[in-house]
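The values are calculated or read from the model by the stated rules, or taken from the named source; none is laboratory data. From a predicted model like this one, the values you see are computed outputs, not experimental measurements. A quick note on method: Cβ atoms are made from the backbone with ideal geometry, for glycine too, and the neighbour counts reach across all protein chains shown.
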Amino acid sequence: MPDLETESLQAFRRSREKLNAAILAADNLTIKRFFALDTRAYEDGALSARTKELMGLVASLVLRCDDCVTYHLVRCREEGVSDPELYDAMSVALVVGGSIVIPHLRRAVARIEELPPTPRRPALDK
């Protein structure tokens with residue numbers, strides 16, 4: 001498993017794209033359906049894609065999946081989530097998951113430092 005402290009965000013993206021393409025090229029119907037379901041779950045619905053990505057971030061931190069944390073951080077930023085909103089969501093993950101989340105929280109902060117900044121704006125869900 002790559003070391004998140006040394007692997008760049010760009011390398012993460014390249015690796016993810018390459019490996020996802022290889023997985024999908026196997027043309028396994030169950031895998032293709034699962035990938036499609038995962039994609040659809042994060043689309044706008046009763047909850048916004050933005051809110052769902054924050055939920056994905058929290059779940060990923062609690063489940064301690066660093067690849068998933070990175071993915072959801074990138075998607076959160078693409079959805080316009082600010083640093084204060086990320087930290088607010090990560091605080092929920094810490095409370096739910098407990099101290100075992102702390103190492104993953106540290107790696108998440110390292111990833112946030114690699115992301116482009118988002119202009120500060122009021123939270124949409126207030």
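Assorted remarks:
- Residue within segment 103-114 that is over 20 Å from Glu7 (Cα atoms) and either assigned to a helix (DSSP H, G or I) or modelled with pLDDT under 95 (or both) present: no
- Answer from Gly97, Gly45, Gly56 - the residue that is over 16 Å from Arg16 (Cβ atoms) and either surrounded by 12 or more Cβ atoms within 10 Å (Cβ to Cβ) or polar (S, T, N, Q) (or both): Gly97
- Subset of segment 19-32 that is assigned to a helix (DSSP H, G or I) and either exposed (fewer than 10 other Cβ atoms within 10 Å of the Cβ) or in contact (Cβ under 8 Å) with a residue 60 or more places away in the chain (or both) - its residue that is nearest to the chain's Cα centre (by Cα): Ala21
- Residue match in segment 54-62 (condition: modelled with pLDDT of 95 or more and out of contact with any helix residue (DSSP H, G or I) (no Cβ under 7 Å at 6 or more places or on another chain)): yes
- Identity of the residue in segment 80-101, of a type in the set (A, V, I, L, M) and out of contact with any helix residue (DSSP H, G or I) (no Cβ under 7 Å at 6 or more places or on another chain), that ends up nearest to Cys65 (Cα to Cα): Ile100
- Scan of segment 59-74 for residues that are among the β-branched types (Val, Ile, Thr) and either over 9 Å from the mean Cα position of the chain (by Cα) or surrounded by fewer than 22 Cβ atoms within 10 Å (Cβ to Cβ) (or both), ordered by number: Val62, Val74
- Some residue of segment 33-44 being in contact with a Gly (Cβ under 7 Å, 6 or more places away or on another chain), more than 22 Å from Thr118 (Cα to Cα) and touching a residue at least 24 places away in the same chain (Cβ under 8 Å): no
- Filter result for the condition that a residue is in a helix (DSSP H, G or I) and under 19 Å from Phe12 (Cα atoms), over Leu61, Leu37: Leu61
- Yes/no for Ala46 being out of contact with any Phe, Trp or Tyr (no Cβ under 9 Å at 6 or more places or on another chain) and part of a helix (DSSP H, G or I): no
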